[in-house]
1. Of the residues that sit in segment 8-35 and are surrounded by 15 or more Cβ atoms within 10 Å (Cβ to Cβ) and under 30 Å from residue 73 (Cβ atoms), which one is modelled with the lowest pLDDT?
2. Quick one: how many residues across segment 1-51 are part of a helix (DSSP H, G or I) and in contact (Cβ under 8 Å) with a residue 12 or more places away in the chain?
3. Kindly check whether there is at least one residue in segment 70-82 that is part of a strand (DSSP E or B) and either on the phi < 0 side of the Ramachandran plot or in contact with a helix residue (DSSP H, G or I) (Cβ under 7 Å, 6 or more places away or on another chain) (or both).
4. So, of the residues in segment 56-90 that are surrounded by 11 or more Cβ atoms within 10 Å (Cβ to Cβ) and over 18 Å from residue 29 (Cα atoms), which turns out to be modelled with the highest pLDDT?
């Protein structure tokens with residue numbers, strides 16, 4: 001289970017992220033997410049990532065783009081208003 005500074009603990013289906021490994025979550029509602037994913041795709045391509053990884057990233061870009069086109073009113077500028085760092089102590 002990794003840890004994202006905004007969303008907190010991030011669990012994966014396979015449980016293969018160590019507890020102390022930082023991760024970051026990008027959501028389709030983030031107006032900038034598709035641009036970030038496209039830049040990541042290009043960096044992976046130049047670095048020589050295997051085709052199966054490039055296909056996975058490309059598919060994610062397509063799903064994000066489709067979601068954004070279907071939900072234009074839900075897009076927002078990235079923020080961290082709900083970040084755990086800003087939540088009051090319990």
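The values are calculated or read from the model by the stated rules, or taken from the named source; none is laboratory data. Because the structure is predicted, anything quoted here is derived from the model rather than measured. Here the Cβ is made from the backbone with ideal geometry for all residues, glycine too, and neighbour counts use every protein chain on show.
1. Of segment 8-35, the ones surrounded by 15 or more Cβ atoms within 10 Å (Cβ to Cβ) are 10, 17, 26, 28, 30, 33-34.
After this cut, where a residue has to be under 30 Å from residue 73 (Cβ atoms) as well, the list is 10, 26, 28, 30, 33-34.
Numbers: 10: 86, 26: 92, 28: 95, 30: 95, 33: 96, 34: 98.
Looking at residues that are surrounded by 15 or more Cβ atoms within 10 Å (Cβ to Cβ) and under 30 Å from residue 73 (Cβ atoms), I get 10.
2. To start, the set of residues in segment 1-51 that are part of a helix (DSSP H, G or I) comprises 33-47, 51.
The next check asks that each one be in contact (Cβ under 8 Å) with a residue 12 or more places away in the chain; those that pass are 33-34, 37-38, 40-41, 44.
Final tally of qualifying residues: 7.
3. First, pick out the residues of segment 70-82 that are part of a strand (DSSP E or B): 76.
Then keep just the ones that are either on the phi < 0 side of the Ramachandran plot or in contact with a helix residue (DSSP H, G or I) (Cβ under 7 Å, 6 or more places away or on another chain) (or both); that gives 76.
Yes - at least one qualifying residue is present in segment 70-82.
4. Selected residue: 56.
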